[in-house]
Amino acid sequence: MKPAITAEQITKWFTIGAQFANVRITDEPKKESRADSVSEGKGPDQSSPLKDQGGPRNRRAELPTGLGSPPPPLASYQYPALPITKNRQELISLIENNSVVIIRGATGSGKTTQLPQFILDYYNEKNACCNLVVTQPRKIGASSIARWVARERKCTLGSLVGYQVGLEKMATEHTRLIYMTTGVLLQKLVSAKSLTEFTHIFIDEVHERTEELDFLLLVVRKLLHSNSRYVKVILMSATINCAEFAEYFGTPVRTRINPAYVFEVEGAPYTVEEFYLDDIQNTLCLKPNISADMYNVAVSLIQSFDEIEAKDQSRSAQDVSASLPERGSVLVFLPGLAEIQYMQEALSKLVRKRLQVYPLHSTVTLEEQNGVFLVPVPGYRKIILSTNIAESSVTVPDVKYVIDFCLARHLVCDKETNYQSLCLTWASKTNCNQRRGRAGRVSKGFCYRLVTREFWNKEIPDYAVPEMLRSPLASIVLKVKILNMGDPRTLLSTALTPPNLTDIKRTILQLKEVGALSVSSSSFDGDLTFLGRVLANLPVDLHLGKLIVLGHVFGCMEELHLKVHTCILFLFYTNKFSVTQPESLTAICAHYQSTNYRSPVQVVIAGAFYPNYFIQGALDEELASKELSGNDPRTTVRNLPPFAFLYYKQLQSLFRQCGQVKSIAFDGSRAYVEFYRSSLRGSGVLPEVSLSLLLSQQRLPLQLQVHPAEEVEARAKGRALSYLKYARVNVDFQSQTVHPVGVLSSSIEPEKLPPKQVFIINITEVVEVGHFWGFQADEASMEKQRQLTTAINQLRLRPVPVSLYPNLLCLAPFCDIHTDTEPENYYRAKILHILGTNVEVIYIHTHTHTLVSVLPAQEFVVARMAPSAQSMILGDQWSSQARNRFITLVSGHSLIVSLYSILHGVMRVDLYVSMETGDASVADLLVQEGHARYTEESFESQQSHDVLVGLYQDLKEGTFTPSSTSSSWQSRKDEEKQLIDALLLSFSKSSHSAPKCRVPVHGPSSPHKLFLFVHRSVSIERDSINSVLVNDHPQDSHERMLVAAFVSLSSSGSRILLKETTLMPHIHGLPALITMLFTPIMELRTDKERTCFTGALCGLGAKSSSEEGVLPEHDIELAFDVKFDVEDITEINALRGVMNKLTCEGLNGLLNLGQERISCLQDEARERLIRYCSLTRLSLIYKWLPGKHLILYLSR
């Protein structure tokens, strides 16, 4: 006896959503189930001729016989009363006696669901074998129709009836009717180069004229005339141009062409009444866009449907099907995601209308797509906001109303650059009629077209422009090469609507640029490379396919997977910005920023998306410093509130979702928001700053609730307020103080400086290489430290009166983790992280706020030192080897520092350590060992250095005069503070003092925000990663590269849009190195004396007949900013050679290499890349002189 198998196990094996009862596989004969006793005369519900009913209401299906058994017998099936049913015998005869038949019938007439079943049952009756395939343009259409047909025939999905979409396949060797997407069938036919796998090919929705569909028609036509003459092809649509298709599939007879047979299915399930905009209101529409008034018209229509239904039900309540919900569903066709979101926000305001709104577009998950088929909650109306994804194939049974804006977004290519853009255009009459057919399936329908009747008749085009004339042809050309039936130009000229020759030529050139075709061929053809063969068989974008291949070449697939996972998390959280926990979002943002500095993953990404390279523009550091008023650009964003200090709590609340606000400095009409540095390690731009800049890109602008100026003046009780309206005021959230700031306030206070510029320190905590906390270690300071420790621990200490939060300064007990003794002393500490009941702190060796000025612990950074290329490649900025070496150098003894500058409260110093040979610079040691490199200080640091040098010089010479603030100025500031406190207290105490006005806030912004340099205006899409990059090293003039996965044009064509971007590490010379490594052809530039390389021209090279570039718009002109010599070029060629061995065919190709040899080549490629990127190169500076230029090599 075989073991029993549960229904749950069988469900996982064979079905999605089907249910079974009393299933048991044994050696006993199969018992007749209750489902088998159903009368053969009873068919499915004839009132539901739908393509899909979806949801959990699937009927129970009986499991067919076990695996390895013959295919299940066809159950008797009674066809529903649809318009096509009465033509069953005639259609079967036509299909069997003609090679190609074109069928046109109204939407809902039964073409997609019933006609394939006619053929299936016909072959079953005569015991003949058949294998039918039906194509659908979209995944949701193929899967939902297959489910409905299987349910109606009472068979398990995947047995007799199945589907295949993308990488998901629900079919077995016994499947006789399979629904699949157009792309899947095309890939099968291209690989097989024959149609004979199927006896009948039904190509549905041929009116859409997508690129894949047109090429599928070309392949089917070609193979029908060669090796697949007995396969039957049926073309179907509700709005097909029959004459055009009939002529294309015509059969040559003597001297003329006999067109393919065309059959018209007469009738429709129910009528659909049409209305136009002039039936609703008089509005003129000329340009393809949606105004706010048109959205309001659509919303008003939805609100009026209750009244329309009430009138209809009072007339003929008996005509309404019992299965329908009380309120008919509404399908609204919109051109894109942004319009769907706008409409969804407008409908969300209709709280009392009881609406269930479902967005439907290509980016929603399959589960969310299936939600549109569910029956709404009783008493609610279902509203589906859809792009053209619901235009055909997808049928929702209860849709009664269709609202059509008659718009669509089409993918078009720029003629000059071949960049893609989504252009908003008027939809064709063909498409709009398909949309109308979504209603009227089970009852009378209504279609509202939001254009005037005259505009519809005169301006709306009859047919859409075929996609093959306006979209990229790369994947099609690769399939042409796989077919091997001629060159692309010749074969594509036989398409239903042949593409332009210039588009074919440009596509071939770009495939050569990718590496899919060999370079040394004509402009209209090229030999298919091993990489091209791989790309042609991968169901992904060409550049993504190349990313997979390069990930294999360098052996970093796991790192690529991690980066992709991080990007998805980042996009998920940023797209749901308003409901995200700030801690989670900040942590993910920080993690993404850390993964941005990983090689060779970064180089692999750059190679995959060549030539989508963009260089950051130069930043005027002095101007940016003035705009930030001396605030730290790494922790500060700028805001523009109209009223300053009165609304500081509102500003804090606006930025709370980004991170912990440390202070707000109001200066004129600006406010500078500074965040706590929440991470112990790292000195770059805070994730909180990046998240704050994302706020400015949100759909809804930031707003403040403010008091009218008259009310504020009234609260002042006659005192003058004009000078306070835009006064300089600082708000410190830790001390909860609001105080005015003088115009001449200085960031350097001489009385708090060390007595000498060179002094000794003890390090208490190392944050990062060159970044640490410490205090002065002279005898007097050490004695003060001991006295303070004793005094603090003699006091009676109280618990912290507020909730703990990161960066809070407090007293914490210290105990040795290696002993079990209780802590004896308390020390001044800074909270880093709070994990449940545990708190992680850093001890900074000073104990109370009032004693800070006596002996403060100080934050230090080593000046003029940055991580080397080697460190950046091997770690997050600094490698673990560099970190360990720095800790070894500075631990356990006192160090000498020379104060260089003071910047934002941090002392930037030259650090020296005592060695046997004398005092040695820590920066020099790290540079010599390859862990660090020299760098310039920022503009602000250099300014501070000049001030300090002058100040210490005056102190040494005895000419220093302390600045004394006049008593009148001080008294004025005291008065201002009293007035500020009085106003804040007045508004906080008043019971009816809530602000009455809403004012938009401009920003946040930062003058250090990165911009890109190219021949057109460039911007990164709002929802894309890196959309708010901040330049954290403006003093570094070397080029830095941004790589974009997708490059498109704005609808106007004036701006380049980047999506899915990666910022390359700031390694000197890396942009030039990457470009030379992945370019097909490179021409080096030298100086006149030919003593050194000055640049390179990268691209497809020049034509042999002239010096004109083959693809000049994609050529990249490099001007080297570091020194490259002959050895560097030799190393690049060696690395390219290793890459070629892993991406080539032949006897020494990848397919003939063993796994061990492949692993060795991967290791070699990775090691060569890391070694080459890690080299420290001399910088090149060009100084132009009259008539010539000089090049200087710098060692730093």
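Any read-out appearing in this document is the output of simple, stated calculations on the displayed coordinates, not a laboratory observation. Note that this is a predicted model, so its numbers are computed, not measured. Reconstructed Cβ throughout: ideal geometry from the backbone, glycine too, with neighbour counts over all protein chains shown.
The table below gives the values:
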{"item": "Alpha-carbon centroid distance for the pair segment 188-211 / segment 126-146, whole angstrom", "result": "11 Å"}
{"item": "Projected label distance in nm at Lys349 and Ala812, using a 7 Å step from Cα toward the beta-carbon", "result": "5.0 nm"}
{"item": "Square roots of 5 times each gyration tensor eigenvalue, C-alpha, segment 464-528, largest first, Å", "result": "19, 12, 10"}
{"item": "Two-site FRET efficiency, Asp306 against Arg1136, from Cβ-Cβ distance with R₀ of 60 Å, rounded to 0.05", "result": "0.30"}
{"item": "Above-threshold pairs, the threshold being 19 Å between Cα atoms, out of Lys382/Lys444; Lys481/Lys1141; Lys222/Lys429; Lys662/Lys973", "result": "Lys481/Lys1141; Lys222/Lys429; Lys662/Lys973"}
{"item": "Taking N as its residue count, the alpha carbon Rg of segment 131-272 over 2.2 N^0.38 Å", "result": "1.10"}
{"item": "Rg in Å to one decimal, and Dmax rounded to a whole Å, for segment 900-985 via C-alpha atoms", "result": "21.4, 64"}
{"item": "Mean Cβ neighbour count within 10 Å, used as a protection proxy, ranking 1111-1122, 136-147 highest first", "result": "136-147, 1111-1122"}
{"item": "Estimated distance in nm for a label pair at Ala982 and Ser669, the labels positioned 7 Å out from Cα along Cα-to-Cβ", "result": "2.8 nm"}
{"item": "Packing-based order for 708-714, 615-621, using average beta carbon neighbours within 10 Å, highest first", "result": "615-621, 708-714"}
{"item": "Highest average packing first - 173-179, 327-333, Cβ atoms within 10 Å", "result": "327-333, 173-179"}
{"item": "Pairwise Cα inverse-distance average, inverted: Kirkwood Rh of segment 376-496 (Å)", "result": "17.3 Å"}
{"item": "Inter-label distance, nm, simple model (7 Å from Cα along the C-beta direction), Phe960/Leu501", "result": "8.2 nm"}
